[in-house]
Amino acid sequence: MIDSIVRATLLGVQSGVTLALIAAGLTLIFGMLDVINFAHGALYMLGAYFGSILAVEFGSFWLALLLAPLLVGIVGLAIEVLSLRPLYGRNPLYHILLTFGFAIMIQGAVVQIWGGQTRQIAQPTGLTGTLSLGLVDYPVYSLFVLAISTILLVGVWLGIDRSNLGILMRASAHDTEMVDALGIDVTKVFTGVFVFGAVLAGLAGVLLGASRSVNPGMGMGIIIETFVIVVIGGLGSFRGAVLAALLIGLVTSYGALIAPTLTDLLLFGLMAVVLMVKPNGLFGATEAA
């Protein structure tokens, strides 16, 4: 029983930090651009598909891990420049409808180009097998995903909280006119944030594509969990998204161990409880990172 709990805890933490990687991009885009991006899950799926194709074409997981997120970033750049940019400052419903439309179009394009069959990204040779952690043997690749996701999240947090670029991003979100008056092109800052969020989603797609199936429905599945995380953490809060992702990961993992059929109920039950206690989420509006 103890080994099952340890395994579930490791799985929950690993799942949580990976979900946080996806949610981080979504919450940054909302926090900085005030855009609710329903296409974020589709960009995650696109990263997994690009990764699976590049891994086969070049025979290298590492090259796929490098190039696939960049390709997703290019798609994100096209979405932001060609369609979202003219809608900044308008009713959020415009953003929701537009990005939801892009999610459907990307999913349809994936099915049209690559078909609906399931794919998987081959794990690199050095990260296959399991590693003994005392009470349990745990997949080496899962530990790798846990480590690289944690490093990336810490890096993003330091970039937002401690760097000049982070200060510029926050200033652009809170006082656009002042930043413009200083001679800085705010539209480029917004574009950079959107592209960075897309890159994070694509990176998570490649990482998870090597341990889960890659299919056209994976984007819609992940976006539900991601929005639950963002709502629980507080809209626009990076630290809230990370904490909420860890909570969701652990609740889902323990739920699968104790009551597999009630996992979804536990997920939305947690959101309901948090919102009843703190309607703005764990780190709501005034406390957002």
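If I fit a long axis through the Cα atoms of helix 40-58 and take the longest principal axis of the Cα atoms of the chain, what angle between them do I get, 0 to 90°, rounded to 10?
Between the helix axis and the principal axis of the chain, the angle is about 60 degrees.
By how many degrees, between 0 and 90 and to the nearest 10, does the Cα long axis of helix 186-209 differ from the longest principal axis of the chain?
On a 0 to 90 degree scale, this one is about 10.
How many percent of the accessible area of the chain is carbon or sulfur, using a 1.4 Å probe? Please report the intermediate quantities before stating the final value.
Numbers: 9300 of 13430 Å².
Using a 1.4 Å probe with all protein chains present, the chain comes out at 69 percent carbon and sulfur.
Relative to the present Cα-Cα distance, how much length would full extension add between LYS278 and THR125 at 0.36 nm per residue of separation? Each step should come with its number before you reach the end.
Details: separation 153, 0.36 × 153 = 55.08 nm, distance 4.60 nm.
Result for the pair: 50.5 nm of gain on full extension.
Any idea which of THR176, TYR49, LEU165 is furthest toward the positive side of the dipole for the chain, if Lys and Arg beta-carbons carry +1 and Asp and Glu beta-carbons -1?
The Cα lying farthest towards the positive end belongs to TYR49.
Students often get this wrong: which residues of segment 24-47 have the backbone nitrogen under 11 Å from the point 7 angstrom along Cα-to-C-beta of ALA109?
Correct set: 43, 46.
Can you work out the accessible area per residue across the chain, with the rest of the protein chains kept in place, probe 1.4 Å, in square angstrom?
Working: 13430 Å² over 289 residues.
It amounts to 46 Å² per residue over the chain.
The values are calculated or read from the model by the stated rules, or taken from the named source; none is laboratory data. Quick caveat: nothing in here was measured; it's all calculated off a predicted structure. Neighbour counts run over all protein chains shown; Cβ positions are idealised from the backbone, glycine included. Surface areas here come from the heavy atoms of the whole protein model, side chains and all, with no ligands, DNA or RNA. Shrake-Rupley method; radii C 1.70, N 1.55, O 1.52, S 1.80 Å.
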